[in-house]
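Down below is the structure, laid out as structure tokens.
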Amino acid sequence: MYARDKYYASLVQAKSSAVALCDGPEIAVLAIEDHLDARAASLIRSRFKRLIAMGRSDAVVDLTKVASLNSTSLGSFVCALRAMHRIGASIVLVADGGRISRMLELTSLTRLFRVHASVGAAIASFSSAAA
């Protein structure tokens, strides 16, 4: 098991203790701006850890204002997605069809993540998936 997988496995344990605090399904929206680099990847990890500890089950990550990203930040999304799937939750990405969307397609992350053009459409996708 990789170190990052051990990290997210600990998040799963935190989620299982926080499930009782959550009355209904909640969707957290993480708006990320500027550049996604190694520093931002560590912030993403801490935000997901906090979300799971708070009992949030699903998340929307808004990438529409991101100017650039690197492989470290993409890897942090993949690790977070694995952790979320283990607890029965998911992550949906929002990209507006520009450079970030092309990068997600080139790296085949569109096979792992549902990608929507707007935050509203991403949030609506959770209710349509539950129906």
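Each residue in the stretch 55-86 was checked for being over 15 Å from residue 105 (Cα atoms) and assigned to a loop (DSSP other than H, G, I, E, B), and 3 of them qualify.
Within the stretch 67-100, the set of residues being surrounded by 21 or more Cβ atoms within 10 Å (Cβ to Cβ) and β-branched (Val, Ile, Thr) comprises 91, 92, 94, 100.
Taking the numbered list (1) at negative phi; (2) touching a residue at least 12 places away in the same chain (Cβ under 8 Å) in turn, residue 46 passes all entries but (2). On the stretch given as the stretch 47-66, residues that are more than 13 Å from residue 91 (Cα to Cα) and buried (at least 20 other Cβ atoms within 10 Å of the Cβ) total 1.
None of 18, 40, 28 is hydrophobic (A, V, I, L, M, F, W, C), over 26 Å from residue 127 (Cβ atoms) and either crowded, with 17+ Cβ neighbours inside 10 Å or modelled with pLDDT under 85 (or both) except 40.
The values are calculated or read from the model by the stated rules, or taken from the named source; none is laboratory data. From a predicted model like this one, the values you see are computed outputs, not experimental measurements. Glycine gets a Cβ as well: all are built from the backbone with ideal geometry, and neighbour counts include every protein chain shown.
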